[in-house]
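*Asks:* Below is one structure. I have some questions about it.
The values are calculated or read from the model by the stated rules, or taken from the named source; none is laboratory data. Here the structure is a predicted model, which is why all the values come from computation and not from measurement. Don't worry about glycine lacking a Cβ; one is built from the backbone with ideal geometry, like all the others, and counts go over all protein chains shown. In case anyone asks, the SASA skips ligands and DNA or RNA and just uses the protein heavy atoms, side chains included. Shrake-Rupley method; radii C 1.70, N 1.55, O 1.52, S 1.80 Å.
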Amino acid sequence: MNGSPAAKRRLLALLALLAVFAIACDTGPQDFLKSQASVQTQKADSLWDVTFAIAVFIFVVVEGLIIYALIRFRQRPGREAAQFHGNTKVEIILTVIPSLILAGLAVPTVQTIFENSKQPPDALRIQVVAKQFWWEFNYPDLGIVTANELHLPVDQTAYIEITSPTNDVIHSFWVPRLTGAQDAVPGRTNTTVITPTATGQFWGQCKEFCGLSHSRMRLRVFVEDRSTFDQWVADQGEEAAEPTDSLAQQGQELFVNGQCAACHTISGTNAAGTTGPNLTHLMSRRTFAGAIFRMNEGNLRDWVADAPAMKPGSIMPSGLKSMGLSQSDVDAIVAYLLTLE
Ligand code: CUA
């Protein structure tokens, strides 16, 4: 290698680039190659291990033969290369072996696909509705509608139906450690199955480009032990408490009789819109708007005042610029939202 300063600089730049790639090998919260937390992803991972082992074996054999041929048959003075065309026997072998490997791999692959889509009779039914740019989670048998944060009991299979409203676009539901990606297509229902094997918090992400805030369309899954999950179900089933504080009462008035009620539901009030998230137990969630903002007073105030400024392409209009709210109206509405525990 030539040791000129330019060559050294190029080498340094290449090493720096490799270091950047190496960072991507770290175990992140959405890593799907390690620490799978559901029966389905564990099965998919075992399948991947088998496929990978076969691929490594073939790689070593093929590369070994190439290196052997390069050395054994390298150019030497006075020696002429063998002149021939085609070799039927070799060609047949090279067609039959890969076909057998692929046919062999198809057996466990198809088996895993069927096993992973099985719906046991005692499964917890959940409907996921993907919208620009957030997730609605509906538990039809429990009468719960929530958003962005999915709660699942550990060791029970959840049968998940995924769709998107007919006036929306295609999204994709993906929680790498719990399930592979499944498209949410307007007017169509796809399904996925999750049997969580560990409690904890898992991150998901919309995986289909769906507009300006596609990257801000995340979700969280809380896998809980049975009693924690049952408590959550009981809390979600209650109607919203009436506000006692006067500012919050004023906010409720504005919310229920104004434009907010056209898009949002708060059970126990006249607000019954279904375009936006159900806000009955808003404060029981840790995040909002596609699980990207922490649920706190400051963020809620900014959101109600001007949602599209916080999240480009948001369907939720700006309170100050489009809905004719004043800053004190916004403060009152936020005071009301803070009571929705
Ligand atoms: Cu929804 Cu990307």
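*Asks:* Just to confirm the number: angle between the C-alpha axis of helix 226-236 and the first principal axis of the chain, 0 to 90 degrees, nearest 10?
*Replies:* Between helix and principal axis, roughly 40 degrees.
*Asks:* What do you get for Rg/Rh of the chain when both radii come from the Cα atoms and Rh is the Kirkwood radius?
*Replies:* Working: Rg = 27.9 Å, Rh = 24.2 Å.
Computed over Cα atoms, the ratio is 1.15.
*Asks:* Where Lys and Arg each count +1 and Asp and Glu each count -1, what net charge lies around residue 198 among other residues with Cβ under 12 Å from its Cβ?
*Replies:* Details: positive: 177; negative: 155, 224, 225.
With Lys, Arg at +1 and Asp, Glu at -1, the neighbours total -2.
*Asks:* Please work out how much accessible surface residue 265 shows to a 1.4 Å probe, ignoring ligands, DNA and RNA, in Å² rounded to 10.
*Replies:* Near enough 30 Å² of accessible area.
*Asks:* Of 22, 44, 241, which is the most mobile in a GNM of the chain whose springs link Cα atoms less than 10 angstrom apart?
*Replies:* Evaluated over the chain, the most mobile residue of the options is 22.
*Asks:* Protein chains only, probe 1.4 Å: how do 65, 340 rank by accessible area, largest first? Write out the running numbers ahead of the final one.
*Replies:* On the way: 65 110, 340 0 Å².
Descending accessible area places them as 65, 340.
*Asks:* Using a cut-off of 15 Å between beta-carbons, work out the net charge of the residues near residue 318 (Lys and Arg +1, Asp and Glu -1, residue 318 not included). The partial results should precede the final answer.
*Replies:* Working: positive: 301, 311, 321; negative: 302, 306, 329.
Residues near residue 318 contribute 0 overall.
*Asks:* How far, in degrees from 0 to 90, does helix 327-337 lean away from the longest principal axis of the Cα atoms of the chain, to the nearest 10?
*Replies:* Rounded to the nearest ten degrees, it is 80.
*Asks:* Given the DSSP H assignment, sum -39500 (n - 2.57) over each helix run of at least 4 residues in the chain and divide by its residue total; what's the result at 222 nm in deg cm²/dmol, nearest 500? Provide the component values of the computation, followed by the final result.
*Replies:* Values: 8 runs with 134 residues, N = 341.
Calculated from helices alone, the mean residue ellipticity at 222 nm is -13000 deg cm²/dmol.
*Asks:* Further question: Which value, in Å² rounded to 10, gives the accessible area of residue 283 with a 1.4 Å probe and all protein chains present?
*Replies:* It works out to around 50 Å².
*Asks:* Contact order normalised by length for the chain, with contacts defined as Cα pairs under 8 Å and 6 or more residues apart; what percent is it?
*Replies:* On the way: 562 pairs, mean separation 50.3, N = 341.
Rounded, it is 15 percent for the chain.
*Asks:* Sticking with this structure for a sec: So for 11, 212, what's the accessible-area order with a 1.4 Å probe, most first? Please list the in-between numbers first.
*Replies:* Working: 11 80, 212 130 Å².
Correct descending sequence by accessible area is 212, 11.
*Asks:* Further question: Name the lysines eligible as straight-distance cross-link partners of residue 43: C-alpha to C-alpha under 16 Å, and not fewer than 8 places from it in the same chain.
*Replies:* Hits, sequence-local ones excluded: 34, 118.
*Asks:* Then there is this: Using r as the Cβ-Cβ distance of residue 13 and residue 198, and R0 as 56 Å, what FRET efficiency do you calculate, to the nearest 0.05? Mind showing how you got there, number by number?
*Replies:* Values: r = 42 Å, r/R0 = 0.75.
The pair residue 13/residue 198 has a calculated efficiency of 0.85.
*Asks:* Another question, then. Could you go through the range 136-150 in sequence order and give the Karplus-derived ³J(HN,Hα) for each residue, using 6.51 cos²θ - 1.76 cosθ + 1.60 with θ = phi - 60°, rounded to whole Hz, and x for Gly and Pro?
*Replies:* Here the 3J(HN,Hα) series is 9, 10, 10, 9, x, 7, 10, x, 10, 10, 9, 9, 6, 10, 9 Hz.
*Asks:* Next question. Below 8 Å between Cα atoms, with a sequence gap of 6+, how large is the relative contact order for the range 246-337 in percent?
*Replies:* So the answer I get is 32 percent.
*Asks:* Quick check: with the 1.4 Å probe, what order do 59, 293, 229 take by accessible area, largest first?
*Replies:* Details: 59 125, 293 35, 229 5 Å².
Descending order: 59, 293, 229.
*Asks:* Quick one: of the DSSP bridges fully inside the chain, what percent are antiparallel, nearest 5?
*Replies:* Details: 28 of 40 bridges.
Bridges in the chain are about 70 percent antiparallel.
*Asks:* Still on this structure, I have one more. Averaged per residue, what accessible area in Å² does the chain show with a 1.4 Å probe, protein chains only? Before the final figure, lay out each step's value.
*Replies:* Numbers: 19410 Å² over 341 residues.
It amounts to 57 Å² per residue over the chain.
*Asks:* Also, I was wondering about something else. Short version: ³J(HN,Hα) in whole Hz for each residue of the range 265-275, in order, from phi by Karplus 6.51 cos²θ - 1.76 cosθ + 1.60 (θ = phi - 60°), x for Gly and Pro, what are they?
*Replies:* Per-residue couplings from phi come out as 9, 10, 5, x, 10, 7, 6, 9, x, 10, 6 Hz.
*Asks:* Quick one: what are the phi-derived ³J(HN,Hα) couplings along the range 158-171, Karplus 6.51/-1.76/1.60 with θ = phi - 60°, whole Hz, x for glycine and proline?
*Replies:* Result, ordered by residue: 9, 9, 10, 9, 10, 8, 8, x, 5, 9, 10, 10, 6, 10 Hz.
*Asks:* Mind pulling the angle between the C-alpha long axis of helix 88-116 and the longest principal axis of the chain? Nearest 10 degrees, somewhere in 0 to 90.
*Replies:* Orientation of helix 88-116: about 20 degrees from the principal axis.
*Asks:* Right, something else. Could you state how much accessible area residue 267 has, in square angstrom rounded to the nearest 10, with a 1.4 Å probe and all protein chains kept in place?
*Replies:* About 40 Å², rounded to the nearest 10.
*Asks:* Also: Could you work out how far the C-alpha centroid of the range 129-177 sits from that of the range 244-284, in angstrom?
*Replies:* Going from one Cα centre to the other spans 22 Å.
*Asks:* Test of understanding: in a Gaussian network model of the chain with alpha carbons linked when under 10 Å, which of 258, 180, 276 would top the mean-square fluctuation ranking?
*Replies:* For the chain, modelled as a Gaussian network with Cα springs under 10 Å, the answer is 258.
*Asks:* Step by step: find N for the range 246-337, compute 2.2 N^0.38 Å, then divide the Cα radius of gyration by it. What's the final number?
*Replies:* It is 0.98.
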